[in-house]
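Trainee: Take this structure, written in structure tokens, and hold onto it; I'll ask about it next.
The values are calculated or read from the model by the stated rules, or taken from the named source; none is laboratory data. These figures come from a predicted structure and were not determined experimentally. So basically every Cβ, Gly included, is an ideal-geometry build from the backbone, and we count neighbours across all protein chains shown.
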Amino acid sequence: MPASARSHGAYREAEHHYRNALAVLQSVLESSERDTRELSLPVALGGVMTATRGWSAVETAEVYARARMLRGELLLTEDSTNTVEADRAFRTATDVARRQGAKSWELRATTSLSRLLANRGRREEARSMLGEIYNSFTEGFDTADLKDAKTLLEELRS
């Protein structure tokens, strides 16, 4: 077997194990420790995904968007004054997800960014941004992410 084929197989196997580890972590109750551990996995998985699927794959974008989003959440958990850095992380996550067509991750990142903006007194910007992505969905309104976005939109409208 050529070395490149063995290498590709190893990347596929690593991808499988990283995805399993992420699934296990996501079953644990939310905490900053879980988020810290989870952040290390998407960062490592990103390189594997790029090698196995390519940079332009939606799955690769989802991994990088998730990592950026987690970074923003952790920055705020560690110190609530980290708003500028968290804003940058959420915007990067949103941009990556949008460029790659990963709408569910775009919604998640935009929801986090909108929540941050609202807390900083920029409610109209938050409402407009979140409304745009929320209104682009045509199905899946019973999912946790869309329910969360809808609840935040309703809060921002009042």
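Trainee: Just need a number here: residues in segment 77-92 that are of a type in the set (S, T, N, Q) and within 13 Å of the chain's Cα centre (by Cα).
Mentor: The number of residues fulfilling the criteria is 1.
Trainee: Now a separate question. On the basis of being at pLDDT below 70 and buried (at least 20 other Cβ atoms within 10 Å of the Cβ), does Pro2 make the cut?
Mentor: When the stated conditions are applied, Pro2 does not pass them.
Trainee: Follow-up question, since we're still on this one. Of all residues in segment 86-105, count the ones that are surrounded by 24 or more Cβ atoms within 10 Å (Cβ to Cβ) and closer than 19 Å to Leu146 by Cα.
Mentor: 6
Trainee: Consider Pro42 against the criteria (1) modelled with pLDDT under 70; (2) surrounded by 15 or more Cβ atoms within 10 Å (Cβ to Cβ); (3) farther than 20 Å from Ser112 by Cα: it satisfies all of them except one. Which criterion is unmet?
Mentor: Only one criterion is unmet by Pro42, namely (3).
Trainee: Which of (1) at pLDDT 90 or above; (2) crowded, with 21+ Cβ neighbours inside 10 Å; (3) under 11 Å from the mean Cα position of the chain (by Cα) does Ala67 not meet, given it meets every other one?
Mentor: (1)
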